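Reading through the structure tokens given below for one structure.
The values are calculated or read from the model by the stated rules, or taken from the named source; none is laboratory data. These numbers were taken from a predicted model, which means no experiment stands behind them. Virtual Cβ from ideal backbone geometry, glycine too; neighbours counted across all protein chains shown.
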Ligand SMILES: [Cu+2]
């Protein structure tokens with residue numbers, strides 16, 4: 001079995017390369033926190049096809065809705081979250097419907 005070692009190592013290296021290549025193009029899910037009535041981070045930059053998951057760290061309900069109405073999450077409460085997938089490149093200002101002074105921006109870059 002001495003001859004199999006190098007072959008396995010090559011196969012393993014190739015598999016790792018493939019995984020790396022795939023993960024660069026795979027749609028990602030990006031975490032965004034709501035803390036002290038702020039969207040963190042803000043602004044946030046993602047790529048078309050990615051999703052943002054907002055998690056509420058405050059003791060009151062929040063949501064995230066686009067100024068252009070392109071997305072709107074339900075109200076979600078402490079430690080709960082909401083996810084929106086962004087398929088279109090562009091800049092999307094958004095706010096919390098319950099607290100309109102809470103504003104943020106999602107920047108969606110074209111997928112490569
Ligand atoms: Cu809010």
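Summed over region 28-42, residues that are out of contact with any strand residue (DSSP E or B) (no Cβ under 7 Å at 6 or more places or on another chain) and either assigned to a strand (DSSP E or B) or at pLDDT below 95 (or both) total 2. Only one of 61, 97, 104 is closer than 15 Å to residue 32 by Cβ and in contact with a strand residue (DSSP E or B) (Cβ under 8 Å, 6 or more places away or on another chain); which? None of the other options fit; the residue is 104.
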